[in-house]
Amino acid sequence: MEFEFGDFGAKVETIEVKQTKDFDRHKRIGAGGSIGYHVLHDGIVYFGAMDSRFYAVDADTGKKLWIFKTDDRIVGKASIHEAKIYFGSLDSCMYCLERHTGKEIWRTNTGAGVFASSIIYQGRLYVGNFNGYVSCIDIETGDIIWQFKTGKDILATPSAFDGKIVIGSFDHNLYCLDAKSGNEVWRFKTGSEVHNDGAPLIHNNRIYFTSFDNFLYCLDLNGTEIWRFRTGKYGNACCPAEYNGVLYHGSRDGILYALAIDGKEIWRFRCAGMIESPPFFHENRIYVCSEEGNMYCLDLNGNELWRFEFSASSYDSPSFYKGKLFVASWDCHLYAIDINTHEEAFRVSTSTNKIAEAPPANESFEAVVRKSADTIDTISSDERYSGMSQTLDLSDYGGKSEYVTKSEYTHKSEYTTDFVLFEGVMEWTFQTASTSLLKISK
């Protein structure tokens, strides 16, 4: 095994490697012009970027109609209701703007950075923040109606059904809350963080969502598990989409899975990088973006028809308007792609073309070196870090909401899951007990 401490290497005879923190990749994203997600409505494309600006762009011409400046990076997708648009920022605020002019109507401080996308349901806006709060906000006034406290950060988008809100938390739970009061109806415990780019899918009285424990779950509306489907390593960061009775799910293992409604796999397509957003469908074609920087076009049998390459990763889900596909990229551009020629029609840049720095694509660990040999340049080829498995403690989450309106949940999952937490990639960054940066090359 080879290690780098600064400018010299060392052969390690004994090493203890442990996970020191939860998945925190998104909290460490740097500034720049990278774009996470967009929304297209009535001929206008709206998106926020890591340059702390929110943009409105004409979908016909690519002309910027207006730009609104916030105090920190914007990651999540906006919500639209009538003539207003709503979005959150890592400056802790939710914003409401006039959709056609960009004029601010109100802003509300939620108490912590807002990474996730919001939804609007029955005249109220629902969104989570980094302090683990779900906020219910009046869309007309910006007043917070109620907040519900989960155990850890919320980076997930909520969904709504039958007067209820479902939303995931990094405390490993999917919560179901009464939309009016914020009372907890039930919670479902998974084996790891629940972080969904794209809201949980609610289809035919079923709830479909994912967790970093490598499972796609299907629940009934009472929170009872019906089935689960295991994906590959590195967990899941988005929810599936449904098209013509088939579930399509992109995973951080780089595979797009096609599943029957009962959870049986039909086919799989492997991309060159992680998938962190749901696919988009148009005229029996599947469009999915991958972290290595491609948008793939597949037929309904999982055959690749063509692909479009960006200059950096894309975590977005495409949209369609007048013969063009729109998709945002981490390379600081919104792209309009001709759906017939597969060529770029135009692109729109942000205020800077500096790509926002992002940490490695997986977890953070700490390496404690117990004993090391003298500095060397090479090691024997049979020395390998073979990964480690961890049995998760899925005991009941102890931190209850501090709001007295919360009712006790009626269902929780009771099981223990074994899964591989780390199997090694080309290069991982660790932090030693002395805070020096340590690189491990497989």
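Structural remarks
- For residue 267, the amide hydrogen comes within under 5 Å of the amide hydrogens of 258, counting only partners 5 or more places away or on other chains and with H modelled in the peptide plane.
- For segment 69-151, GluC sites (Glu not before Pro) are listed when DSSP marks them as loop and at most 10 other Cβ atoms sit within 10 Å of their Cβ; the list is 82.
- Charge tally for residue 315 (other residues, Cβ to Cβ under 9 Å; Lys, Arg +1; Asp, Glu -1): -4.
- Set 64/322; 69/324; 77/103 screened for pairs whose C-alpha atoms are more than 21 Å apart: 69/324
- Fewest-first ranking of 119, 105, 275, using other Cβ atoms within 10 Å as the exposure measure: 105, 119, 275
- Placed amide H near residue 65: partners under 5 Å, 5+ positions off or other chain: 56, 57, 58
- Taking only the C-alpha atoms of segment 221-314, Rg followed by Dmax gives 13.1, 44 Å.
- FRET efficiency for the residue 340 to residue 265 pair, using the beta carbon distance and R₀ = 22 Å, is estimated at 0.10.
Read-outs throughout are calculated quantities, based only on the coordinates presented, and are distinct from any laboratory measurement. Everything numeric here is computed off the predicted structure, so don't read it as measured data. Note: ideal-geometry Cβ built from the backbone for every residue, glycine included; neighbour counts use all protein chains shown.
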